[in-house]
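Chemist: This structure is in C-alpha cells; I'll ask about it shortly.
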Amino acid sequence: MFMTIFEPWNETNSKPFIEFRGVSKRFGALTAIDNVSFSIYEREFFALLGPSGCGKTTLMRMLGGLEKPSKGQIFIDGQDINTIPANKRSVNMMFQSYALFPHLTVADNIAFGLKRSDMPKSEIPDRVNEMLKLVQLDNLDARKPHQISGGQRQRVALARSLAKAPKLLLLDEPLGALDKKLRQETQFELVDIQEKLGTTFVIVTHDQEEAMTVASRIAIMDQGKLIQIDTPDLIYEAPSSVRVADFIGDVNLIEGNAQKMANGKMQIEWAESQPALIADSSAQIPNDGKITFAIRPEKIAMTKHKPDDADNAVEGHIQDIAYLGNVSIFKVRLTSGQLMNAQASNTRRLSRRNFTWEDKVWLSWTETAGIVLTK
C-alpha cells in the first residue's frame, strides 16, 4: 500500500485555500506587516514562526477579522474577506488563555457556541459528545474547568473551537501555558486531531520545536516580512539566509571568502594560518566573494586525533560541556580563536565517555555537511 504525500504547494493544479496578496498593516508610524504575499492550502497545518513583535499575531488577527489590512487583499476559499465581519467568516480562533467559562461544565463550554448557532437544539448533544470523544474527554463532561488539569482545559478549548466545524482554525500560542513534557505530548495530539478532521490549522508560535513538530510548512517572519516559507526539514537543512539558519536550532556560522574550484566545489578562506574549508555547493558567489558557511553541531565529528580521510578538520580544545541527557553539547575553542559547537549522542555510560574539559580535539565534517549562505 502506497501512502500519498501531502504537498499541494508543489502541485501546479492546486488552488490555494488562503491567499495574502500584497498585504500591509500599519499602526500609526509603525509598519507591522510589510507587503506580504503567500498562500496556504486546504488541510494544511501551517505555522507562523518568529520572535516577539515580528508580525505573526497581526497576520492571524487579520485572518480572524480582528484587524483590517491597511493595504492588500486576503482571500479565503476564493472570497475576498476584507469586508466580511469576523462573525460571518467560517473561521474560529483558539487563544492561549483558553477563555473557558468557569461556571459551566466541560460539556456546556463546548456547547456554548453551538447554542448560539443555527444548529437545531436536538443535534447539539450529539455534536458535543462527538467533540468530547475527539479530544478524549468523554468521561469528564460534567466537571468544571477548575476540576481538570491544564492539558485537559487546553483540549476543552480545542473542542469548543472545532464544534462549529470551521473551515479554518487559528491557534494563538495554544500550548504556551503547558509544561514542556505535556506540551510535547499535546503537539502530537493536535496533529492527530487535525489529520482526522481535515480542517485547515494556522498556528502562531515562537517555539521552534513546536512549529517543527506540528506544521506541514513553516513561515519564518522577521520585522513584518516573510523571510522563508518551507517544510520543516528544508527550513532546517536548507535555510535561505543567515537569519533563518541562526533562528532555527543551533548552528555554527563561519564567515569567509569563497571561490569556485575546478571540480565544481567551493574553497573557503576563513582564518589566517588555517587550511581552507571545502564545501560541495552550487551557490552563486557574490562579486566580493564574501559568504557565510553554516554547519549544524550534530553534523560535526569530534576526535582526539586528526582523522586521515576528513574533508575538513579544525583543531581546538574543549572549553565547556552541556550535558542534556540524550546528547551533550561541546563548546570548542579553535586555534583560530573561533568558538564552535559540536554535538555527540550519549550512547555510553558517563564513566566511559572519552572527552572532558580542556581536552585537545579535532572537529571534522564532510564536504556536504554544511551549507554556503550568500545573504
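Chemist: Could you pull out every residue, at least 5 positions away or on a different chain, whose amide H is within less than 5 Å of the one on Asn35? Hs are placed 1.01 Å off N in the peptide plane, and Pro or chain starts have none.
Modeler: Here Ser24, Lys25 satisfy the definition.
Chemist: To make sure I understand, if each residue's beta carbon is the centre and we count other beta carbons within 10 Å, what order do Ile220, Ile227 fall in, fewest to most?
Modeler: Numbers: Ile220 26, Ile227 18.
Listed from fewest to most nearby Cβ atoms, that is Ile227, Ile220.
Chemist: Taking the Cβ of each residue in Met261, Met302 as the centre, tally the other Cβ atoms inside 10 Å and list the residues starting with the fewest. Present the calculation step by step, with values, prior to reporting the outcome.
Modeler: Details: Met261 12, Met302 20.
Arranged by neighbour count, lowest to highest, Met261, Met302 become Met261, Met302.
Chemist: For the stretch 142-260, give the share of DSSP beta bridges that are antiparallel, in percent and rounded to the nearest 5; count only bridges with both residues there. Please list the in-between numbers first.
Modeler: Working: 5 of 10 bridges.
Around 50 percent antiparallel, to the nearest 5.
Chemist: Run the reach check for Lys375 against lysines, Cα to Cα strictly under 25 Å, same-chain hits fewer than 8 apart removed. What comes back?
Modeler: Of all the lysines, those that pass the test against Lys375 - Cα under 25 Å, at least 8 places apart if same chain - are Lys56, Lys225, Lys260, Lys265, Lys290, Lys299.
Chemist: Something else: With the radius of gyration and the Kirkwood radius both derived from the Cα set of the stretch 222-307, what is their ratio Rg to Rh? Provide the component values of the computation, followed by the final result.
Modeler: Values: Rg = 14.6 Å, Rh = 14.7 Å.
My calculation of the ratio gives 1.00.
Chemist: In debye, nearest 20, what is the charge dipole magnitude of the chain about its Cα centre with +1 on Lys and Arg Cβ and -1 on Asp and Glu Cβ, if you could check? Please list the in-between numbers first.
Modeler: Values: 45 positive and 46 negative charges, 233 e Å.
Dipole about the Cα centre, nearest 20: 1120 debye.
Chemist: Here is a further query. Give the Debye-formula value of log10 I(q)/I(0) at each listed q (0.15, 0.19 Å⁻¹), with one equal scatterer per alpha carbon of the stretch 14-101, two decimals each.
Modeler: With no solvent term, the Cα-only Debye profile gives -0.59, -0.94.
Chemist: Among Thr347, Thr57, what is the fewest-to-most ranking by other Cβ atoms within 10 Å? Let's see the in-between values first.
Modeler: Values: Thr347 9, Thr57 20.
Sorted ascending by nearby Cβ count, the order is Thr347, Thr57.
Chemist: Could you tell me which of the pairs Lys25/Lys181; Lys181/Lys304; Lys304/Lys331; Lys181/Lys360 are separated by over 25 angstrom between their Cα atoms in the structure shown?
Modeler: Values: Lys25/Lys181 36 Å; Lys181/Lys304 36 Å; Lys304/Lys331 15 Å; Lys181/Lys360 37 Å.
In this structure, Lys25/Lys181; Lys181/Lys304; Lys181/Lys360 exceed 25 Å between Cα atoms.
Chemist: Continuing with the same structure: Using the reciprocal of the averaged 1/r over all distinct C-alpha pairs, how large is the Kirkwood radius of the stretch 283-375 in Å?
Modeler: Hydrodynamic radius (Kirkwood, Cα pairs) of the stretch 283-375 is 14.4 Å.
Chemist: Order these peptides, 249-260, 205-216, by their mean beta-carbon neighbour count within 10 angstrom, highest first.
Modeler: Peptide ranking by packing, descending: 205-216, 249-260.
Chemist: Using a ≥ b ≥ c from the Cα gyration tensor of the stretch 8-242 (square roots of the eigenvalues), is it rounded, prolate or oblate, where a/c under 1.5 gives rounded and otherwise the larger of a/b and b/c decides, a/b for prolate? Could the numbers behind the result be given before it?
Modeler: Numbers: a/c = 1.79, a/b = 1.48, b/c = 1.21.
The shape class here is prolate.
Chemist: Shifting gears a bit: Which ³J(HN,Hα) values, rounded to whole Hz and listed in residue order, are derived for the stretch 83-95 from phi using the Karplus coefficients 6.51, -1.76 and 1.60 in 6.51 cos²θ - 1.76 cosθ + 1.60 with θ = phi - 60°, glycine and proline given as x?
Modeler: Listing the rounded values in order: 9, 8, x, 4, 6, 9, 8, 7, 9, 10, 10, 10, 8 Hz.
Chemist: What ³J(HN,Hα) values, in whole Hz, does the Karplus curve 6.51 cos²θ - 1.76 cosθ + 1.60 give for the stretch 251-260 when θ = phi - 60°, with x put for Gly and Pro?
Modeler: Those phi angles translate into 8, 9, 10, 10, 7, x, 10, 10, 8, 6 Hz.
Chemist: Let me ask something else. If you average the alpha carbon positions of the stretch 35-83 and of the stretch 294-344, how far apart do those two centres end up, in angstrom?
Modeler: What the calculation gives is 42 Å, centre to centre.
Chemist: Could you work out [θ]222 nm for the chain from helices alone, using -39500 (n - 2.57) per DSSP H run of at least four and dividing by all its residues? Round to the nearest 500 deg cm²/dmol.
Modeler: Values: 8 runs with 80 residues, N = 375.
The per-residue figure over the chain is -6500 deg cm²/dmol.
Chemist: Could you tell me the relative contact order of the chain? Use alpha-carbon pairs under 8 Å, at least six residues apart, and round to a whole percent.
Modeler: Working: 727 pairs, mean separation 55.0, N = 375.
It comes to 15 percent, rounded to a whole number.
Chemist: Given a Förster distance of 45 angstrom, what is the FRET efficiency for Arg21 paired with Ala301, based on the Cβ-Cβ distance and rounded to 0.05?
Modeler: 0.45
Each value in this text was obtained by applying a stated rule to the coordinates, not by laboratory testing. All of these numbers come straight from a predicted model, not from anything done at the bench. Backbone-built Cβ (ideal geometry, glycine too); neighbour counts: all protein chains shown.
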